[in-house]
1. Being open to solvent by 30 Å² or more (accessible area, probe 1.4 Å) and of a type in the set (A, V, I, L, M) is the filter; apply it to the range 133-152 and report the residue that is farthest from Leu97 (Cα to Cα).
2. Just checking, how many residues over the range 2-41 are open to solvent by 100 Å² or more (accessible area, probe 1.4 Å) and touching a strand residue (DSSP E or B) at 6+ places or on another chain (Cβ under 9 Å)?
3. Applying the selection to the range 16-32, what residues are of a type outside the set (A, V, I, L, M) and out of contact with any Leu (no Cβ under 9 Å at 6 or more places or on another chain)?
4. Inside the range 198-214, can you point out the residues that are surrounded by fewer than 18 Cβ atoms within 10 Å (Cβ to Cβ), assigned to a loop (DSSP other than H, G, I, E, B) and without any contact (Cβ under 8 Å) to a residue 60 or more places away in the chain?
5. What number of residues within the range 259-296 are over 25 Å from the mean Cα position of the chain (by Cα), open to solvent by 30 Å² or more (accessible area, probe 1.4 Å) and touching a residue at least 60 places away in the same chain (Cβ under 8 Å)?
6. What is the one condition in (1) open to solvent by 40 Å² or more (accessible area, probe 1.4 Å); (2) within 16 Å of Glu205 (Cβ to Cβ); (3) among the small types (Gly, Ala, Ser) that Gly155 does not satisfy?
7. Which residues, taken from the range 215-235, are outside any loop (DSSP other than H, G, I, E, B) and open to solvent by 10 Å² or more (accessible area, probe 1.4 Å)?
8. Mind checking whether some residue in the range 92-112 is out of contact with any Pro (no Cβ under 7 Å at 6 or more places or on another chain), without any contact (Cβ under 8 Å) to a residue 60 or more places away in the chain and not hydroxyl-bearing (Ser, Thr, Tyr)?
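The values are calculated or read from the model by the stated rules, or taken from the named source; none is laboratory data. Computed from a predicted model, the values in this text were never measured in an experiment. With ideal geometry, Cβ positions are generated from the backbone for all residues, glycine too; neighbour counts draw on all protein chains shown. These accessible areas exclude ligands, DNA and RNA; they are computed on the full protein's heavy atoms, side chains included. Shrake-Rupley method; radii C 1.70, N 1.55, O 1.52, S 1.80 Å.
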Amino acid sequence: MTSEFFGITWQAVQYLKWIFLLIPFVVLIFWQYHNRSQIISKLIGNQHTLLLNYSKTKQIIKMFLLILGVVFIFLALLQPAWGKKEQLIEQEGRDLLIALDVSRSMLAEDRLPNRLSFAKEKIKQLVNQLNAERIGLILFSGSTIVQCPLTTDYGAFFLFLDQLDAQTISSGTTSLDQAIKQALTIFEGMPTKKHKLVVVLTDGEDFSSNLADIRSRALQEGLTIFTIGLGTLEGAPIPVLNEQGEQIGHQKDEKGNIVISRLNEGILRSLAHESGGIYLRATDTGNDIKTLLERVREFEKEKFEEKHVNNLIERYPYFVVLAFLCFALEWLL
């Protein structure tokens with residue numbers, strides 16, 4: 001919490017509340033001086049020469065030095081700063097792409113309120129526990145879109161994530177090969193990258209036409225794939241929504257039977273294990289995200305950005321020195 005007065009930036013103005021202790025302390029010093037003067041006057045009247053080295057002027061100076069020292073300590077507590085210096089900041093971390101399935105089956109309600117909303121909460125849990133990592137968001141169904149490029153601005157990432165709802169759902173089916181292909185394309189622009197990590201959140205229903213070739217390419221280029229399965233083995237029907245986002249029924253097959261969408265763990269497990277990642281089934285607890293984070297943190301951090309920033313120069317040591325000088329002079333007098 002900062003504020004600027006007299007050309008000085010006070011970086012800890014929240015400590016202004018302690019002024020309610022400073023004022024009584026100053027009053028106490030005045031009272032002590034006044035009380036001492038009254039006692040001396042009663043004892044010797046105006047014959048101050050009866051007391052060796054006693055000087056009323058000196059006592060007033062000592063009192064003001066003591067008060068001034070306390071005030072300087074209080075000002076130092078507010079962390080004053082002025083002037084700027086340029087500083088080079090090297091940022092280290094891991095680049096982590098998050099690929100989220102937005103096909104129609106993600107509206108199934110075997111995860112409440114539905115798979116899509118459940119996946120969004122899992123992503124938030126993951127991001128909130130990351131530290132200094134760059135994250136990006138890919139949406140995929142039959143095709144892909146980069147919803148958020150790699151960034152350390154988690155606030156911006158959450159804005160992109162929160163925009164996803166039932167209206168975002170694609171009318172297409174799921175193509176896992178498109179998600180992996182998009183991740184590979186993003187990492188192609190970073191040829192020196194040691195570790196390429198992607199987390200895929202999907203129910204595993206896949207209609208890829210070229211998954212085998214894309215998996216081979218992912219292995220060649222060192223892409224580590226973590227998969228998180230959404231849904232249950234029992235499955236649930238897929239709601240059909242109108243343009244207003246209201247449910248008007250369930251998806252049916254050619255024979256008029258309601259389609260049940262089930263979690264397909266087999267393809268997700270093999271996809272993760274072949275690439276050196278892990279497969280996790282999304283649960284209501286946080287153990288799935290905890291396990292994923294432990295695995296991600298095993299990868300070495302890399303330098304991915306250098307920034308030149310102008311930082312304020314903290315000047316509180318000056319106030320501490322002035323306070324020390326005031327106390328020293330008060331003691332010497």
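1. In this case the residue turns out to be Ile145.
2. Qualifying residue count for the region: 1.
3. Lys17, Phe20, Pro24, Phe25, Phe30, Trp31, Gln32
4. Residues satisfying the conditions are Ser209, Asn210.
5. Matching residues across the range 259-296 total 3.
6. Of (1) open to solvent by 40 Å² or more (accessible area, probe 1.4 Å); (2) within 16 Å of Glu205 (Cβ to Cβ); (3) among the small types (Gly, Ala, Ser), only one is false for Gly155: (2).
7. Of everything in the range 215-235, those that are outside any loop (DSSP other than H, G, I, E, B) and open to solvent by 10 Å² or more (accessible area, probe 1.4 Å) turn out to be Arg215, Ser216, Arg217, Leu219, Gln220, Thr224.
8. Yes, because at least one residue in the range 92-112 is out of contact with any Pro (no Cβ under 7 Å at 6 or more places or on another chain), without any contact (Cβ under 8 Å) to a residue 60 or more places away in the chain and not hydroxyl-bearing (Ser, Thr, Tyr).
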